[in-house]
Amino acid sequence: MRKTVIVILFLAAAIAGCQQKEEPQHQFPTGPVQTGPIQMQDEVKLLQDAVKEDPQNVNAWIKLGNSMMDTSRFSEAIEAYKKALEIDPKNVDVRVDMGTCYRGIKRPDLALKEYRKALEINPKHLNAHKNLGVVLAYDLNDKSQAIKEFNKYIELAPNAPDVTQVKQAILELKAAK
């Protein structure tokens, strides 16, 4: 049960983070809609071309990072997100997504750092609180701080769709103390 809650929280955080992304301003060719890996490869190629053509295109860097993150190419996503943050260092969503990618490459220390930077910029960022709680609880075994982050998430979003899972995680963490 505990593993299920962990997986659900991680997936919900990743999905929610991906849903808050901005679309690139770069114009992409239109045409028939493809599905599957070919479409993703085409999108990645277009985005790589876009950032080569205009290295200051923050939206293209973000979209490239998102595409890499969505296909679990976390190291490549981190590199794209770093480029985006060089242009827009206060982009909280990018910091949170980069933190999730650091967790994906088993660097919870760096994930923690990015989530905390995001919260310095926006103390009410929901996914930063929730993801910070996940890393504290399940990677760094800091249950009391994890509970605080999860409670902050619930305080900020009492009607969030995953609030039941977050409350369950809190109960499990309290029971495990």
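Lys and Arg at +1, Asp and Glu at -1: add these up for the other residues within a Cβ distance under 13 Å of Ser75 and post the number.
+3
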In nm, give the distance between the simple-model label positions of Asp139 and Asp70, each being 7 Å from the Cα along the Cα-to-Cβ direction.
2.3 nm
Under 16 Å between alpha carbons, and skipping anything fewer than 8 positions from Lys143 in its own chain: which aspartates and glutamates qualify?
Asp109, Glu172
Hey, which of these cross-link pairs are over 31 Å Cα-Cα: Lys83/Lys124; Lys82/Lys148; Lys52/Lys124?
Lys52/Lys124
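According to the square roots a ≥ b ≥ c of the eigenvalues of the Cα gyration tensor, what is the shape class of region 89-177, taking rounded for a/c under 1.5, prolate for a/b larger than b/c otherwise, and oblate for the remainder?
Working: a/c = 2.06, a/b = 1.28, b/c = 1.62.
Oblate, because a/c is 1.5 or more while a/b does not exceed b/c.
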Across region 66-71, in residue order, what do the Karplus-derived ³J(HN,Hα) couplings come to in whole Hz, using 6.51 cos²θ - 1.76 cosθ + 1.60 with θ = phi - 60° and x for Gly and Pro?
4, 4, 5, 4, 5, 10
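Once fully extended, how much extra length lies between Asp88 and Lys177, figured as 0.36 nm per residue of separation less the alpha-carbon to alpha-carbon distance? Provide the component values of the computation, followed by the final result.
Details: separation 89, 0.36 × 89 = 32.04 nm, distance 4.02 nm.
Here the answer is 28.0 nm.
Just so you know, all these numbers are worked out from the coordinates, no wet-lab data involved. Only a predicted model underlies this, so the values are computations on that prediction, with no experimental measurement involved. Quick reminder, even Gly has a Cβ in these numbers, built from the backbone with ideal geometry, and neighbours come from all protein chains shown.
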